[in-house]
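A.B. asks: Supplied in structure tokens, the structure appears directly below.
The values are calculated or read from the model by the stated rules, or taken from the named source; none is laboratory data. Nothing here was measured: the structure is a model prediction, and the numbers come from that model. Here the Cβ positions follow ideal geometry from the backbone for every residue, glycine too, while neighbour counts run over all protein chains shown. Ligands, DNA and RNA are excluded from the accessible area calculation, which covers all protein heavy atoms including side chains. Shrake-Rupley method; radii C 1.70, N 1.55, O 1.52, S 1.80 Å.
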Amino acid sequence: MTTATAAPTTITNEEAAKARASITDLERTERLVTGVLVFLGIGGLIFTAVNVTQFALDHHIHWAIAWMLDPLVSVSLLAALFIDGKLSAHGYKPGGWPFILRWFAGLTTWLMNCWGSLYPDAQFTGWPSNPDPAGLLLHSAIPFLVIVLAEAGAGYRRFSTRRKAQYAVVVTAYKEQEDARRKTAAAEQKRAEEARKAAAEEERKRAANLADEEKRAALEAEKARTAAEAKAREIRAAEEAEARRAEREREDAEARSRREAEARLQQARIDRENAAHQAELERKRIEAEGRAEAERIRAKAEAEAADKEREEKRRAAEARRARTAIPGDRVLETAALPTAIPRRQVTAELRKSTALPAALPERNRTAIPDAKTAEVDDVRGAEAKRKQIEDATFEAAVLVFMETAPTRRDFAARYGRGETWGRDRYADAERLMNEDADYAARVLAEAEQRTTISTP
């Protein structure tokens, strides 16, 4: 095998790519030679099969196996030619037996195919005495083409193998060169990474030492600051305690003053409200008595009018009876009345029988005013309760605004009520302060007035 040419020291990427392309092209050429050889061998087998089969039949070979002769010989030839060509691409040189096999199979195929042209008279005399040149050419073309192409293909493959080896050296050298470059780059990168890590570790240690020093300094400063703050807090706490004590004393004095002023104002307001309430009750009582008296006079007038109407009806009835005549001996004549009974007595009797009572008994006449009086008393009580609720709600709003409101129980106790009643007054006061601007203004004015009064 020919030794491959040494590759250059430095191989570029273009040279490696050209070598790979050349290897691909040579492999494509080898496949082409193999394909042509196979095609020619199969065609020659088909072409020579008829003559060889006829040759076997002429020499008394049964037709069932006579057709097998040409394929067996031709396949042996093709196998020898193809295998020699393939192995020659790897540096194989055929020896004696492959040579004998190849030429025996080739000559046998040629002789069986050309036997009729060599000895057309079927007389074997050694050297052909009357051959058929055209038949010899016709039947020799295909076998010799197969043999010669196989030999030529072996040369083609040897050349292709040699050139591929040269190109493979270039590709391998380029790969080794690239591997070495990558390894060198990786080693450089590894050294740089190790150097960077060492520098980073050194920087980290230096930063850690600096941070430790700063932390110690910060801790010392924090301790000093904490001690100073603790001392300042103690001083500030003492001052604040003294200020709170003075403020509590001042607030207690103000609260006492406010409570005393509120108590005075509350008592004055209650007195005013009681006086107003009594006046209102007196006014309502007088109004109720006036209405009751007017009702009694109206009832009396209505009774007198009813008596008068009944008297007029009675007189009209007597006049009608006097004018009416009764037939027979039942006629009542005025002259037939006893003279001993005066006319006014008859009239009185008739009045008794026909007239209604002139007036109700005295107790019945006073029953209506009594019922009215009871109704007036109920109205007065409801009015007093409503007035008390309104006043208590206003007072609760003022106390809440001044932030001096007592508990619900204590507030309700001022009015002789329970804790629930006091809670309702506080709730009503808060609702009215939120919903009614005028009400809130009145509360504000009252609170300012009380503050002005309680302030020395």
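A.B. asks: Between rounded, prolate and oblate, where does the range 93-243 land on the alpha carbon gyration tensor, with a ≥ b ≥ c its root eigenvalues, rounded for a/c under 1.5, else prolate if a/b exceeds b/c?
C.D. replies: It is prolate, given that a/c is not under 1.5 and a/b is the larger ratio.
A.B. asks: May I have the extent of the alpha carbons of the range 146-230 along their three principal axes, as whole Å values ordered from largest to smallest?
C.D. replies: 116, 19, 7
A.B. asks: Still on this structure: At A224 and K308, where each label point lies 7 Å from the Cα along Cα→Cβ, what is the point-to-point distance in nanometres?
C.D. replies: In this crude label model, A224 to K308 measures out at 11.9 nm.
A.B. asks: Suppose all protein chains stay in the model; what accessible area per residue would a 1.4 Å probe give for the range 89-219, in Å²?
C.D. replies: Ligands and nucleic acids excluded, the figure is 68 Å² per residue.
A.B. asks: Give me the percent of the accessible area of the range 145-288 that comes from carbon and sulfur atoms, probe 1.4 Å, all protein chains in place.
C.D. replies: Whole-percent figure for carbon plus sulfur exposure: 56.
A.B. asks: When Lys and Arg each count +1 and Asp and Glu each count -1, what net charge do the other residues less than 15 Å away from R408, Cβ to Cβ, add up to?
C.D. replies: Charge balance in the 15 Å sphere: -1.
A.B. asks: Related question: Using θ = phi - 60° and the Karplus form 6.51 cos²θ - 1.76 cosθ + 1.60, what ³J(HN,Hα) does each residue of the range 177-182 get, whole Hz, x for Gly and Pro?
C.D. replies: Residue by residue, the range 177-182 yields 4, 5, 4, 5, 5, 5 Hz.
A.B. asks: Could you sort 68-79, 255-266, 38-49 so that the peptide with the highest average Cβ count within 10 Å comes first and the rest follow in order?
C.D. replies: Going by the mean number of other Cβ atoms within 10 Å, highest first, we get 68-79, 38-49, 255-266.
A.B. asks: Follow-up. Can you tell me how much longer the chain between R31 and N274 gets when fully stretched, taken as 0.36 nm per residue apart minus their C-alpha distance, in nm with one decimal?
C.D. replies: Fully extending the segment from R31 to N274 adds 74.1 nm.
A.B. asks: While we're looking at this one, here's another question. Could you run the Karplus curve 6.51 cos²θ - 1.76 cosθ + 1.60 with θ = phi - 60° over the range 199-215 and give me ³J(HN,Hα) per residue in whole Hz, x for Gly and Pro?
C.D. replies: Karplus values, whole Hz, x for Gly and Pro: 5, 5, 5, 5, 5, 5, 4, 5, 5, 5, 4, 5, 5, 4, 5, 5, 5.
A.B. asks: What length, rounded to one decimal in nm, is gained on full extension from R291 through to R409, with 0.36 nm per residue of separation minus their alpha-carbon distance?
C.D. replies: Net length gain for the segment: 38.3 nm.
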